[in-house]
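Visitor: Okay, here's the structure, questions in a sec.
What follows is calculated from the coordinates using simple rules that are stated; it is not laboratory data. Since the structure is predicted, the reported quantities are computational estimates derived from the model, not experimental observations. A quick note on method: Cβ atoms are made from the backbone with ideal geometry, for glycine too, and the neighbour counts reach across all protein chains shown.
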Amino acid sequence: MTFSVFGTRPENSICLPDIAYAVRFNCKDGGGGIFVGGSDPQHRKSNPEDKVDINIIKVSKYFGTMGKTENVLWIQLFFIPAPTVAPEILPPNTVCVGYIKKQSISSLFNTVQSAMNSGEPALGIFALGFQKEVGMSGPYYSISFNWRERKTEQENQQLELIKGFMAEHGNKLIDLEGTRMMTCVDGWSSEGVLTLISQVRDELFLTETEERALLPSKTQRRSKGC
């Protein structure tokens, strides 16, 4: 007698988990790489020097807060590991989601513009890597993207699986947990995004002003002696 609790990953098809398979692109110095489930060493899935081939299947723009990074523009990436990716790094043929910001966004879209010379970039393979940078606060990593056409029969077969999956499930690609403190700005004009940023900054300024007003003044604090 057998029973099933979580089910099994389907063979020869794309798997869409009930909860998005969340991948963290860790860009801290000493920690560059793909992490799943946290940022501690045991959560590491790849190293800074590794290149991880992926199929990008959806890109969305968000503004807001994730973790300790507050009120910035994010790009949400839904992707599927390419056949070359070891299952110890990312689960095969499984929809994953991750977020990039700042220089990493520029790297992605610069690569996309170059890849458009060969047609629709999503039909090819993106190689995701980590590039060491040096900033005012010290070293860190940004995410680099390279693009190539599909080379193997296995990669072409996976593309056919992805086409079928997107036709049936393309509208189900959501990540409620990752975006709970964000606003989707897909289709917004630049002016609309700038207005949103200005409103958020004004709200933060008012909140900080109100909090300071509630603090006792230096005179009041000195007068409380025994």
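Visitor: Taking 0.36 nm per residue of separation and subtracting the Cα-Cα distance, what length does fully extending Lys28 through Gln199 add?
Guide: 58.6 nm
Visitor: For the pairs Lys28/Lys151; Lys58/Lys102; Lys101/Lys151; Lys102/Lys151; Lys45/Lys132; Lys61/Lys163, flag any whose C-alpha to C-alpha distance is greater than 28 Å.
Guide: In this structure, Lys28/Lys151; Lys101/Lys151; Lys102/Lys151 lie more than 28 Å apart at Cα.
Visitor: Listing Glu88, Glu203 from the residue with the fewest other Cβ atoms within 10 Å to the one with the most, what is the order?
Guide: Lowest to highest Cβ neighbour count: Glu88, Glu203.
Visitor: Let me ask you something else. Within 10 Å of each residue's Cβ, count the other Cβ atoms and sort Lys172, Lys45, Lys51, Lys68 from fewest upward. Walk me through the numbers on the way to the answer.
Guide: Numbers: Lys172 9, Lys45 19, Lys51 13, Lys68 5.
By the 10 Å Cβ count, ascending, the order reads Lys68, Lys172, Lys51, Lys45.
Visitor: Still on this structure: Starting from the Cα of Met181, step 7 Å along the direction of its Cβ; do the same at Glu160; then give the gap between the two resulting points in nm.
Guide: For the pair Met181/Glu160, the computed spacing is 4.5 nm.
Visitor: Using r as the Cβ-Cβ distance of Asp18 and Asp40, and R0 as 30 Å, what FRET efficiency do you calculate, to the nearest 0.05? Display every interim value, and only then the final one.
Guide: Numbers: r = 25 Å, r/R0 = 0.84.
For R0 = 30 Å, the calculated efficiency reads 0.75.
Visitor: Work out, step by step, the length gained on full extension between Asn71 and Val59: first 0.36 nm times the residue separation, then minus their alpha carbon distance; give nm to one decimal.
Guide: Answer, rounded to one decimal: 2.4 nm.
Visitor: Turning to a different aspect of this structure: Per DSSP helix of 4 or more residues, -39500 (n - 2.57); summed, then divided by the residues of the chain. What does that give at 222 nm, rounded to the nearest 500?
Guide: After summing the helix terms and dividing by the residues of the chain, the value is -8500 deg cm²/dmol.
Visitor: Nearest 0.05, what FRET efficiency do Glu88 and Met136 give at R0 = 41 Å with Cβ-Cβ as r?
Guide: About 0.70, to the nearest 0.05.
Visitor: So, one more: If you rank Met116, Met182 by fewest surrounding Cβ atoms within 10 Å, what's the result?
Guide: Least to most surrounded, the residues fall as Met116, Met182.
Visitor: Given an 8 Å cut-off on Cα distances and at least 6 residues of separation, report the relative contact order of the range 21-211 as a percent.
Guide: 23
Visitor: Whole Å is fine, so just give me how far the alpha carbon centre of the range 7-64 lies from that of the range 147-191.
Guide: So the separation of the two Cα centres works out to 14 Å.
Visitor: Going by average Cβ neighbours within 10 Å, how do the peptides 119-127, 8-16, 52-60 rank, with the highest at the top?
Guide: Peptide ranking by packing, descending: 52-60, 119-127, 8-16.
Visitor: Taking only the C-alpha atoms, wrap a convex hull around the range 21-211 and report its volume per residue in Å³ as a whole number.
Guide: Per residue, the Cα convex hull of the range 21-211 comes to 144 Å³.
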